[in-house]
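Structure, as structure tokens:
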Amino acid sequence: MGARAVIFGLAGPELLAGERAFFADSAPWGFVLFARNVESPAQLSRLTADLRDAAGRDVPVLIDQEGGRVARLGPPHWRRWQPVLRLFEGVDEDAALEATRLRYRIIAGELAAMGIDVDCMPLLDVLAPGAHDVIGERALGRSPEAVARRGRAVCEGLRAGGVLPVIKHLPGHGRAAVDSHHEAPRVATPRETLAAVDFAAFRPLADEALGMTAHVVFEAIDPEHCATFSPAVIAAIRREIGFDGLLMTDDLSMNALPGAMASRVSGALTAGCDVILHCNGDMAEMREIAAHTPLLAGRAAGRAARAEAERGAIDRGSGEDFDIAAAEARYSELTGERLHA
């Protein structure tokens, strides 16, 4: 049996018997973890191993470990980080880029040690004036050139530590005036401006293997549907941005989205997304999604295979030669930030 075009979350820090049976039967392509799934290094390592055992193969395990406000791992076992945007405030850009690579190399080492091999980072959302702070200091910058340059440094740091990055939120979340976790943002910006600014931040990183959509309505492209459900916006992601990697939805359990889970799945796959992302671990919702999500096939299967090949090619043992104390000291020298677990 092949993998199903879905990434599932789970309810808590231990894999329950019912979850194990469901995951073995539904064959998700991967899993995503949240703070509710994390207690300690020993527990987390056991959980990622149990998930792969339930799936019957070495599936990708994802997490949102941006540092700053969005961090599923934190003290006392893992490092706390300042918001990433602060790295670039009032400092030399080259020094900040070096610090960015070090930051995400250290984060990757923490993740890889726990059996987590995909980080949903970097955000390539260009922060616009007046936008809701759902992005805010999570952003890498306020110009497409800066965001792309810094995003590449994030990817380099993660890969050096054995972790595959996910670029998000395609084709851009930086103009949203509301939080898409709770209501659907609508962006009225002209298409020419979107192409010149928002899309431009993603183009230099369009060669990445994994990407995530934005639950944002771009009125100039499709006034009826958010990007996740819009064939027109997905076409822009593929053709104007040039991204041909595996495109996953943002979380389909977000409250801003309309309709039952079955219709959300249908809408996203029909629009051109490759993989469904469902994060809340609700078993009833996951059963509904599994019943309406096919196995990976065609171009989506090819993109998934490429992502898994890249994931397999990353040296997960690269941390053996990495001097963590020297990296932390250099990072603190560059940024003035003292790292604390």
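Tally up the residues in the range 162-171 that are over 23 Å from Ala128 (Cα atoms) and surrounded by 24 or more Cβ atoms within 10 Å (Cβ to Cβ), please.
Qualifying residue count for the region: 2.
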If you scan the range 137-156, which residues turn out to be in contact (Cβ under 8 Å) with a residue 60 or more places away in the chain and either surrounded by fewer than 18 Cβ atoms within 10 Å (Cβ to Cβ) or part of a loop (DSSP other than H, G, I, E, B) (or both)? Glu137
Within the range 115-136, track down each residue that is farther than 18 Å from Phe202 by Cα and in a loop (DSSP other than H, G, I, E, B). Gly115, Ile116, Asp117, Pro129, Gly130, Ala131, His132, Asp133, Val134
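For the range 172-191, state whether one or more residues are aliphatic (A, V, I, L, M), touching a helix residue (DSSP H, G or I) at 6+ places or on another chain (Cβ under 7 Å) and surrounded by fewer than 24 Cβ atoms within 10 Å (Cβ to Cβ).
Just the residues of the range 172-191 that are aliphatic (A, V, I, L, M), to begin with: 176-178, 184, 187-188.
Keeping just the survivors that are touching a helix residue (DSSP H, G or I) at 6+ places or on another chain (Cβ under 7 Å) gives none.
Within the range 172-191 (the criterion being aliphatic (A, V, I, L, M), touching a helix residue (DSSP H, G or I) at 6+ places or on another chain (Cβ under 7 Å) and surrounded by fewer than 24 Cβ atoms within 10 Å (Cβ to Cβ)), the answer is no, since none of the residues qualifies.
Bear in mind that the values in this text are calculations on the coordinates, not laboratory data. Everything numeric here is computed off the predicted structure, so don't read it as measured data. Because the Cβ atoms are built from the backbone with ideal geometry, glycine has one as well, and the counts that use them run over all protein chains shown.
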